[in-house]
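Everything on this sheet refers to the single structure shown next.
The values are calculated or read from the model by the stated rules, or taken from the named source; none is laboratory data. Just so we're clear, the structure is a prediction, and the values are computed from it rather than from any experiment. Neighbour counts run over all protein chains shown; Cβ positions are idealised from the backbone, glycine included.
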Amino acid sequence: MNFQLDESGIVVECPSCRTRNRLKYGNLGGETRCGNCKATLRITEPIELHSRRDFDNLTEKSAVPVLVDFWAPWCGPCKMVAPEIEKVAASASGEFVVAKLNTDEVSDVAMQYQVASIPTLAVFHEGREIRRMAGARPAAGILDFVRQSIGLSTKS
């Protein structure tokens, strides 16, 4: 799915009718319906962050926590964890949002948060980093990490 972020929210395409809809940051986690066909809209894939502005808008304005995968295209462990991150995004719809930040493309954010090794997974809420872990993990381990970080009970 192709996402576009702006100051107000995330623009997504309805999987049913292909109408573009804006999911406001403040409503993430709640139920949102397509303005055209009324299908339920969910973010079930990682959102690629292509700029500091995208990162700041999502991590500061999201109503739900955001898991950010700091990665790079040349990183072997990053490639190994990518399918696990996809599974986490599909499982986490409504609890939290999953985003990916290419540290080569948006290096200023990686430097600001002193990301020294990749992959690094960090949980943000209300603009602050809550917790992080480095290294590849299976989806279940990542889900447990995020849920513990945001105070939710772990689910199998």
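Quick look at the values:
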quantity: Number of the condition not met by Asn57 [criteria: (1) closer than 14 Å to His125 by Cα; (2) outside any helix (DSSP H, G or I); (3) not aromatic (Phe, Trp, Tyr)]; calculated: (2)
quantity: Counted residues, segment 3-51 - those being closer than 20 Å to Ser91 by Cβ, out of contact with any helix residue (DSSP H, G or I) (no Cβ under 9 Å at 6 or more places or on another chain), part of a strand (DSSP E or B) and not hydroxyl-bearing (Ser, Thr, Tyr); calculated: 3
quantity: Residue that is nearest to Pro83 (Cα to Cα), among those in segment 1-47 that are surrounded by 15 or more Cβ atoms within 10 Å (Cβ to Cβ) and in contact with a Lys or Arg (Cβ under 6 Å, 6 or more places away or on another chain); calculated: Pro46
quantity: Ala140 vs. criteria out of contact with any strand residue (DSSP E or B) (no Cβ under 8 Å at 6 or more places or on another chain), modelled with pLDDT of 95 or more and in a helix (DSSP H, G or I); calculated: yes
quantity: Enumeration of residues in segment 98-147 that are within 14 Å of Leu67 (Cα to Cα), free of Cβ contacts under 8 Å to residues at least 12 places away in the same chain, surrounded by fewer than 16 Cβ atoms within 10 Å (Cβ to Cβ) and not basic (Lys, Arg); calculated: Gly141
quantity: Test result for Leu41, more than 12 Å from the chain's Cα centre (by Cα), among the aliphatic types (A, V, I, L, M) and at pLDDT below 95; calculated: yes
quantity: Search result, residues across segment 45-99 that are under 19 Å from Tyr113 (Cα atoms), aromatic (Phe, Trp, Tyr) and touching a Pro at 6+ places or on another chain (Cβ under 8 Å); calculated: Phe70, Trp71
quantity: Unique residue being more than 19 Å from Leu5 (Cβ to Cβ) and in contact with a Lys or Arg (Cβ under 9 Å, 6 or more places away or on another chain) when the list is Ala63, Ala90, Ala82, Ala72; calculated: Ala82
quantity: Among residues of segment 75-113, those that are in a loop (DSSP other than H, G, I, E, B) and more than 11 Å from Ala139 (Cβ to Cβ), counted; calculated: 10
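For (1) over 23 Å from Val68 (Cβ atoms); (2) in contact with a strand residue (DSSP E or B) (Cβ under 9 Å, 6 or more places away or on another chain); (3) small (Gly, Ala, Ser), each residue gets a yes or a no:
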site: Asn2; (1), (2), (3): no, yes, no
site: Ser8; (1), (2), (3): no, yes, yes
site: Val12; (1), (2), (3): no, yes, no
site: Cys34; (1), (2), (3): yes, yes, no
site: Cys37; (1), (2), (3): yes, no, no
site: Arg42; (1), (2), (3): no, yes, no
